[in-house]
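Undergrad: Dumping the structure here so I can ask a few things about it.
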Amino acid sequence: MDYSITKFLWTLLGLFIVTNWGMLMSSTMRRINARVSGRIGIPWYQPWIDLVKLYSLRTQLTHGTMFYIGPVFRLMGGVGMFLFIPMVYGNPIWSNYSFSGDLVLILYFQFFGMLGMALGASEGGQPYSAIGISRGLSQFTTIEVPMTLAVISLAIQYQTLSISEIVAAQQGGITTWTMWTNPFATVAAMLSLLGAFGHSPFNLVKAPNEIPIGPPTEYHGTFLGVLRTNGAILHVAEAALFMNLFFGGAGSWFELIIKTFLIYFWSVFVGTVFPRFRIEQSVRWFLKVPTIIGIIAIILFL
Amino acid sequence: MEKNNIHKFEELDVDKFLAPENEKRSVLAPDGSIVEIDPLKDYFCQDRPEELKPRSGPVEKFLNWARAESLWVLGFGTGCGSIEIPPLVTPRFDMYRYGVQMRPTPRQSNVFIISGYLSVKTLKRAIRSYEQMPSPKYIIALGSCTINGGMYWDSYNTINRLDHYIPVDVYIAGCMPRPEALLAGFAKLKELIKAGKAENANEYARNFDWYKANQKKIIKDWNMPDFNW
Amino acid sequence: MIELIKDIESRFNTSDYIQKLKHLAFITVEKKQAISLVTYLRDYHKYSSLTLLTAVDWIEEGKFQLTYLINNPQNFTEIGVRVMIDRENATMESSHHLWENMATYQRELREMFGIDFPGSPRIEENFILEGWDNIPPYRRDFDTKEYTENTYFPRPGRESNDPATYMKSKMYPND
């Protein structure tokens, strides 16, 4: 078979693994959260049942073209991120479609889903969606600031914008990880990660009890199913990106699973401990400490 | 009925209750033509609900199993019984382990708990929420108020029998039932769904005229479309 | 409180003074002077807080009794100012300028009793009953039970007993 076709099929398999791992991770984290508050929590297979139920609803209604396209854009954001991140280092099959400038493209894809969601949710006509969108965009813009500063710092440090090369530079034991060679960038990025995952201190946009659920107020059935699928992919892709940039990448799927779990657990750990920020608090928080740390990280490598 | 000593209650007109943005009006289009707008017809879908046939055989069985194991409850407390719902998410009762979760919007929920008495004003909102929920949808009626009016049976403003206005799947008797009873109600609802007997959304579509007549009999200021999609 | 009542009685045309509790008294005033009495109590005797405004339907006398219950937070006393108004064409001066929440009470009374308060803000709007087309439900000539049986769908099989005769038949079956 043609190499491009086999590569495409392998990437699809990778997407399948990542989706399922993301869903298992989210249910595990909800169980951990439940144990912290003394409950038993959802069964570990609950996300799959929810997904089947969402795809099997009998009535679906639309508010127009953009309403359809919104979730598709969001899914593109997740899948696009996955496509250009090398999942397993040193393996041409699992390095997906990463190329020399993929870091910039991924920064763009992070924002892309949010924009698509903004277009789709506004078409729904629900005023709460519009409020959720404006909050989400303003929060995400400030999340990007420390994140981008950290990435610039890495680019100066390694003199490259390719994730594969950054991972290659970190091979050779724990001490060569960016975590140790560039701790300021790591701290800034890990703080911005809290916002990107949207767990507790920064879950104002999509928390079910905020007015009332933010952008997806009007989404139901298949639309919501697509959004949830994307959530699973996006979480793993985001964690894999951080693993590649700061924690030495993964040599195998097993290592990837351990590392993404721990990175995801960092955000859940913070979320269990701290209550929710209001929008102006979270925006100010991101523009203070993480941004300053990010600037320091750049200055150190100039 | 003596009506002459009451001020202005006589001049009842349905249009009086329309919000100003929903009134009929004509608008000048950019090209100079005049466009007539009737928001109740233009902005809302006026179609009747349709009966949606279940799929056949094992597929429907599997889907029913999934629906039963993932019940999303609309967070809308209609009466005093809504105080029995919050304990369900606490460690003592923990409904999440049965796949029951709370959702904030009717678009994403399948189960509507009518918790206790329903005044006419709330009934109007309950109908709107119920009709906006996507199709395999179930109603749990909590407390004796929904069965026969309970202690409010002779009140001028609370309904007596819920099943005359929206179809009910499971009744939970009591005044008020404890959260354990609610969990038992969820278990019963799961049984019904898995047996394929919880098809009340279709029941509602089939007897749509009867339900609408009953609803319009008591909701005097009907200022919404006949069916809220 | 006695000095206060004497002061009031020297200035206003009042009657039927009742001391219910040590800190709670009721006084009836004629309709014309009611709002001025309430204003006087508020401005000169520090009865600065409105507890409630309510009505009683004295259908036999053809009267509505309005009660302005006002509270003095300094010495924890309450005075209920009672006004009798005619049941036919029941109208009362609006006093929404004294307390902001008075307007809400007046809306409620207009809806539930049909007492009009001309000039009160949003008095025409629905308060609780939306689109009510019967006589106001708190009037005593409104038969709640009959209305319920005709409007809603009572479930058959409900039995009710008169408590006195039922207990008598249970406890003294031989009498």
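The values are calculated or read from the model by the stated rules, or taken from the named source; none is laboratory data. Here the structure is a predicted model, which means the values were calculated and not measured. With ideal geometry, Cβ positions are generated from the backbone for all residues, glycine too; neighbour counts draw on all protein chains shown. Side chains included, ligands, DNA and RNA excluded: accessible areas come from the protein's heavy atoms. Shrake-Rupley method; radii C 1.70, N 1.55, O 1.52, S 1.80 Å.
Undergrad: Looking at (1) closer than 18 Å to C:L52 by Cα; (2) within 16 Å of the chain's Cα centre (by Cα), can you tell me which one C:S120 breaks?
TA: Unmet for C:S120, out of (1) closer than 18 Å to C:L52 by Cα; (2) within 16 Å of the chain's Cα centre (by Cα): (2).
Undergrad: Would you tally the residues in the range B:22-74 being open to solvent by less than 40 Å² (accessible area, probe 1.4 Å) and in contact with a Phe, Trp or Tyr (Cβ under 6 Å, 6 or more places away or on another chain)?
TA: 2
Undergrad: Can you give me the ranges of the strands (runs of 3 or more DSSP E) entirely in the range B:30-138 with at least 1 residues that are touching a Pro at 6+ places or on another chain (Cβ under 7 Å)?
TA: B:71-74, B:100-103
Undergrad: Quick check on the range B:146-158. Is at least one of its residues away from every other protein chain (no Cβ under 12 Å) and either crowded, with 22+ Cβ neighbours inside 10 Å or touching a residue at least 40 places away in the same chain (Cβ under 8 Å) (or both)?
TA: No, the conditions are met nowhere in the range B:146-158.
Undergrad: Hey, another quick one. In this structure, does C:Q74 turn out to be over 19 Å from C:M1 (Cα atoms), free of Cβ contacts under 8 Å to residues at least 40 places away in the same chain and not small (G, A, S)?
TA: In short, no.
Undergrad: Give me the residue from the range B:184-229 that is of a type in the set (K, R) and outside any loop (DSSP other than H, G, I, E, B) and, out of that set, farthest from the chain's Cα centre (by Cα).
TA: B:K194
Undergrad: Of the residues that sit in the range B:162-176 and are assigned to a loop (DSSP other than H, G, I, E, B) and at pLDDT 90 or above, which one is farthest from the other protein chains (Cβ to nearest Cβ)?
TA: B:D169
Undergrad: Return a yes/no flag: does the range B:188-206 have any residue that is touching a residue at least 12 places away in the same chain (Cβ under 8 Å), more than 12 Å from chain C (Cβ to nearest Cβ) and closer than 17 Å to B:K124 by Cβ.
TA: Within the range B:188-206 (the criterion being touching a residue at least 12 places away in the same chain (Cβ under 8 Å), more than 12 Å from chain C (Cβ to nearest Cβ) and closer than 17 Å to B:K124 by Cβ), the answer is yes, since at least one residue qualifies.
Undergrad: Anything in the range A:16-43 that is touching a residue at least 24 places away in the same chain (Cβ under 8 Å) and crowded, with 19+ Cβ neighbours inside 10 Å? List them, or say none.
TA: Within the range A:16-43, A:V18, A:T19, A:W21, A:G22, A:M23, A:M25, A:S26, A:M29 qualify.
Undergrad: Additional query: Within the range A:158-272, which helices (runs of 4 or more DSSP H) (wholly inside it) include 1 or more residues that are in contact with a Lys or Arg (Cβ under 8 Å, 6 or more places away or on another chain) and open to solvent by less than 20 Å² (accessible area, probe 1.4 Å)?
TA: In the range A:158-272, A:221-246 are the helices (runs of 4 or more DSSP H) which contain 1 or more residues that are in contact with a Lys or Arg (Cβ under 8 Å, 6 or more places away or on another chain) and open to solvent by less than 20 Å² (accessible area, probe 1.4 Å).
Undergrad: Let me ask something else. Only one of these conditions is not met by C:S94: (1) free of Cβ contacts under 8 Å to residues at least 12 places away in the same chain; (2) closer than 25 Å to C:I123 by Cα. Which number is it?
TA: Single failed check for C:S94: (1).
Undergrad: Another one. Looking at (1) within 22 Å of the chain's Cα centre (by Cα); (2) more than 13 Å from every other protein chain (Cβ to nearest Cβ); (3) not polar (S, T, N, Q), which one does A:R30 not meet, given that it meets all the others?
TA: (2)
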